[in-house]
Amino acid sequence: MSTFNYHIDTQPLAEEMGNVSKNVNLTTGAVVAMQAAVVAAEERASDLVCDNVNRGFYSLIRSQISQKLAKYKSEYESKRMLLSHQKRALVSIKTIMERDYNMISKRYTKLFNGLNSNLQTRVFEVDKPMIDFSYRDIGRMTNRSKYLTAVVPLTQLESVASSQKIVASNIKQRGLNAINSIKAFILEMHNQESLAKKILVDDIVTRNSEAYLPVALCEFENDSLGNRVTEFFAPGESLHQAAVTSISNALHSEFHNTPQNQDLYSRQEVRNEFLKLISDSKKPARVRDVAIELFNSGLPQREKS
């Protein structure tokens with residue numbers, strides 16, 4: 001079997017592979033540099049876009065805020081002018097009201113001062129009899145014990161003894177009068193108690209019997225036309241409601257069947273006498289007119305005519 005030996009030179013291939021490796025490394029470096037440049041460019045572009053977006057957003061917000069500020073400022077100015085006008089109007093009204101109040105207060109102060117003086121004079125005239133009585137009689141009544149004490153024209157020891165006896169006698173007489181008054185009062189109370197015991201009955205009624213009950217009759221006029229209202233008041237605390245109703249019905253029927261005559265002549269006579277007294281009095285005309293008006297307001301309409 002034959003043997004073949006081959007000698008292959010790999011140097012050119014190695015050199016070519018070295019060149020290829022260098023080119024690949026250069027290409028890799030170029031790609032990396034290009035990628036870094038692209039990333040940097042993208043970052044710059046994104047930053048620029050963000051800056052533009054932020055600037056636009058801030059500009060928009062600022063524009064809106066400026067518009068709202070302008071709107072609110074315009075409203076504020078208009079309302080401020082309105083409030084200023086209203087303030088001037090209120091100040092003018094206040095000045096007018098103060099002037100009117102001072103004028104009215106002065107008028108009524110003068111009126112009430114006159115009324116106070118008039119009333120003071122009238123009160124003094126009303127109280128004058130009591131004041132005169134107090135000045136004239138109160139002192140004498142207060143010192144009645146002194147005035148009741150007897151004085152004898154004696155001297156020295158006899159005078160003292162006699163005065164003491166007279167004072168003691170006077171005191172005994174007054175004490176006796178007081179005792180007699182107390183005795184009379186006690187006797188009167190005893191008589192009243194005995195009479196009440198005779199009138200009041202504590203027994204319970206167990207059969208039909210006749211009894212007398214007090215009844216109050218009240219008749220009054222409730223308007224100016226002279227319409228009369230009649231009311232009955234019977235003791236109903238110890239009676240049954242049916243009995244009270246029967247008593248009220250019987251009283252109404254009996255009272256309305258009784259003829260009622262109004263004494264118009266006596267009322268007219270009273271009215272004439274009152275008018276005569278008013279005309280003869282020395283009171284002011286205003287007081288007399290008010291008195292006549294009050295008197296007429298209490299009369300029925302048919303009597304005024």
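Among the residues of segment 278-290, those that are surrounded by fewer than 11 Cβ atoms within 10 Å (Cβ to Cβ) and within 43 Å of the chain's Cα centre (by Cα) comprise K282, P284, A285, R286.
When we screen V229, V244 for residues that are at pLDDT below 75, in a helix (DSSP H, G or I) and of a type in the set (A, V, I, L, M), the only hit is V244. Every condition in (1) of a type outside the set (S, T, N, Q); (2) part of a helix (DSSP H, G or I); (3) at pLDDT 65 or above holds for Y265 except the one numbered (3).
The values are calculated or read from the model by the stated rules, or taken from the named source; none is laboratory data. Quick caveat: nothing in here was measured; it's all calculated off a predicted structure. Cβ: placed from backbone, ideal geometry, glycine included. Neighbour counts: every protein chain shown.
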